[in-house]
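Here is the structure we will look at, set down as structure tokens.
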Amino acid sequence: MISVSEALDTVLKLVSPMRVETVPLRAAAGRVLAAPVSANRDQPPFAASAMDGYAVKAAEVERDAMFKVIGESAAGHGFKGRVGPGQAVRIFTGAPVPEGADFVVIQEDTSRTGSLITISDHPGPGNNIRPKGGDFQLGSTIAAPRLLSSADIALLAAMNIAEVPVHVRPTVALISTGDELVLPGDTPGPDQIIASNTFGLDALLTAAGARVRILPIARDTEGSLRMALDLAHEADLIVTIGGASVGDHDLVAGVTESLGMARAFYKVAMRPGKPLMAGKLGRSAMVGLPGNPVSAMVCGHVFLLPMLRAMQGLPPHGPQPAEAPLAQDLPANGPRTHYMRAQLSAAELHVFDDQDSARLTLLAEANALAIRPANDPPRAKGTMLAYLPI
């Protein structure tokens, strides 16, 4: 058995960043920027009014000062003339500030009679003008790699960038194994259960940027498993679920080795998730997950998500685990790193008493995995413990 850190380092060596493709801006959300991009213009492209009001010369701004209105500047329709002494231009938010003006008196601070305005209240200290290039300037750069959010897409659009270089989304093939499994919606026999792991992992990996293919369930025969693996041969990452242990019906290790898999390791000193294997099968990285539902999902968080980050050009380890005070005493931990379902609330970490790796209801209630190091001594209530948000 190897440690969690050794296993993680090993699986990360099985993958490399995907190639780069250029996609339309609308298709770039949730993708990873693969190369720096630079703005094609200033924003705003001109000095713009931040308020509705009147554009005047700052030197003339004082209470009771009067100005003659000589025109209007609206968004998309600027005033083409020049503001001279004693003159004002009616201006609206986002409109270009006309030449000669360097202050916008907000309309609430003025009174108007015909073409004359009077500053009726003391103007504030700001000039109510957004300077040219005040947000970003021509050539301003967004660095890569970067997971593009909706705010990033808005910024790219404002920079007049219509196409974006991103890493290709990794293809992940999910293969559930076992005669006991049926798909959700099917009618299980008296000795069968629903293939829940497949769909939980599909949701987890899809949210992390993968293109997930759910392959037919591999039955407990070598032929069925070989057929499923053949269907997966073009995937960037193959994930089998179940059948990775050493029982008579656990076929994954033997079948994959017969197909030429170069196995990197088998078994990790962790709980849940001990019967984990990984290696290379042809061009594909492969991870064999245990079949217990919680074990599979925990291994998904601990190993598969970092692999997907690395494949998309991101730092694989992501944010480091946080810490929070325990809400209760915990006994000493055993010889394996234990990822315990927990609930972080009121700034305390409540570790569930029941850690049965088959109980999905507790996983659904958890928002954190408390991390107990191997051979961790007893912990008292209030002591700090690391956790992984989920």
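State the volume of the convex hull built on the alpha-carbon positions of region 162-316, expressed per residue in Å³ and rounded to an integer.
Numbers: hull volume 18.9 nm³, N = 155.
Looking at region 162-316, the number lands at 122 Å³ per residue.
Would you compute, from DSSP H runs of 4+ residues alone, the mean residue ellipticity of the chain at 222 nm, taking -39500 (n - 2.57) per run and dividing by the full residue count, rounded to the nearest 500? Provide the component values of the computation, followed by the final result.
Values: 8 runs with 68 residues, N = 390.
Calculated at 222 nm, the ellipticity per residue is -5000 deg cm²/dmol.
If one computes P(r) from the Cα atoms of region 149-247, what percent of pairs lie at distances over 24 Å?
Working: 1846 of 4851 pairs.
Summing the P(r) tail past 24 Å for region 149-247 gives 38 percent.
Straight-line reach from residue 132: which aspartates and glutamates have Cα under 19 Å away, leaving out those fewer than 8 places along the same chain?
42, 52, 99, 102
Note the angle between two axes, namely the Cα long axis of helix 196-207 and the longest principal axis of the Cα atoms of the chain, as a number of degrees from 0 to 90, rounded to the nearest 10.
Once rounded, one gets 30 degrees.
Just to verify a number: what accessible area does residue 120 come out at with the full protein assembly present, 1.4 Å probe, Å² rounded to tens?
The accessible area comes out at roughly 50 Å².
Can you report the principal axis dimensions of region 1-156 using only the alpha carbons, biggest first, rounded to whole angstrom?
The Cα atoms of region 1-156 stretch 85, 31, 22 Å along the principal axes, largest first.
On the accessible surface of the chain, probed at 1.4 Å, how many percent belong to carbon and sulfur atoms?
On the way: 9760 of 18470 Å².
Carbon plus sulfur share of accessible area: 53 percent.
Please state, rounded to one decimal and in Å, the Kirkwood hydrodynamic radius that the chain gives when every pair of distinct Cα atoms enters the mean of 1/r.
25.4 Å
Pairwise over distinct Cα atoms, reciprocal of the mean inverse distance: report the Kirkwood radius of region 249-355 in Å, one decimal place. Write down the numbers at each step before the final one.
Numbers: mean 1/r = 0.0624 Å⁻¹.
The Cα-based Kirkwood calculation yields 16.0 Å.
Compute the accessible area per residue over the chain, keeping the other protein chains in place, probe 1.4 Å, unit Å².
Details: 18470 Å² over 390 residues.
That works out to 47 Å² for each residue.
How long are the semi-axes of the ellipsoid equivalent to region 42-110, from square roots of 5 times the Cα gyration tensor eigenvalues, in whole Å, largest first?
On the way: eigenvalues 69, 30, 22 Å².
Computed over region 42-110, the values are 19, 12, 10 Å.
Over the Cα atoms of region 82-145, what radius of gyration and what Dmax do you get, in Å?
Looking at region 82-145, its Cα Rg and Dmax stand at 16.0, 57 Å.
According to the Kirkwood expression over distinct Cα-Cα pairs, how big is the hydrodynamic radius of region 130-169, in Å?
So the Kirkwood estimate lands at 11.5 Å.
Could you order peptides 363-376, 58-71 by the average number of other Cβ atoms within 10 Å of their residues, highest first?
363-376, 58-71
Taking every DSSP beta bridge with both residues inside the chain, roughly what % is antiparallel (nearest 5)?
The answer is about 65 percent antiparallel.
Helix 222-231 versus the longest principal axis of the chain: what angle, 0 to 90°, nearest 10, using Cα atoms?
Roughly 20 degrees between the two axes.
Provide the percentage of antiparallel DSSP beta bridges, counting only those with both residues in region 235-390; round to the nearest 5.
Bridges in region 235-390 are about 75 percent antiparallel.
Over region 59-192, what is the percentage of antiparallel beta bridges among all DSSP beta bridges, to the nearest 5? Please list the in-between numbers first.
Working: 8 of 14 bridges.
The answer is about 55 percent antiparallel.
For the chain, find the longest principal axis of its Cα atoms and tell me its angle to the long axis of helix 4-13, 0 to 90°, nearest 10.
For 4-13 against the chain, the angle is about 70 degrees.
Ranking request for peptides 232-243, 159-170: highest mean number of other beta-carbon atoms within 10 Å first, then the rest in descending order. Numbers along the way, then the final one.
Numbers: 232-243: 24.2, 159-170: 18.8.
Per-residue Cβ counts within 10 Å, averaged per peptide and sorted highest first, yield 232-243, 159-170.
State the percent of C-alpha pairs, over all pairs in region 187-232, separated by a distance greater than 13 angstrom.
When every Cα pair of region 187-232 is considered, 65 percent fall beyond 13 Å.
Using a/c under 1.5 as the rounded threshold, could you call region 264-318 rounded, prolate or oblate? The axes a ≥ b ≥ c are square roots of the C-alpha gyration tensor eigenvalues, and prolate needs a/b larger than b/c, oblate otherwise. The partial results should precede the final answer.
On the way: a/c = 2.11, a/b = 1.29, b/c = 1.63.
Verdict is oblate for region 264-318.
If R0 is 30 Å, what FRET efficiency do you get for residue 113 and residue 60 from their C-beta distance, rounded to 0.05?
That gives a FRET efficiency of 0.95.
The values are calculated or read from the model by the stated rules, or taken from the named source; none is laboratory data. The shown structure was predicted, so the numbers you read here are calculated from the model rather than taken from an experiment. Cβ: placed from backbone, ideal geometry, glycine included. Neighbour counts: every protein chain shown. Areas reflect the complete protein model, heavy atoms only, side chains present, ligands, DNA and RNA absent. Shrake-Rupley method; radii C 1.70, N 1.55, O 1.52, S 1.80 Å.
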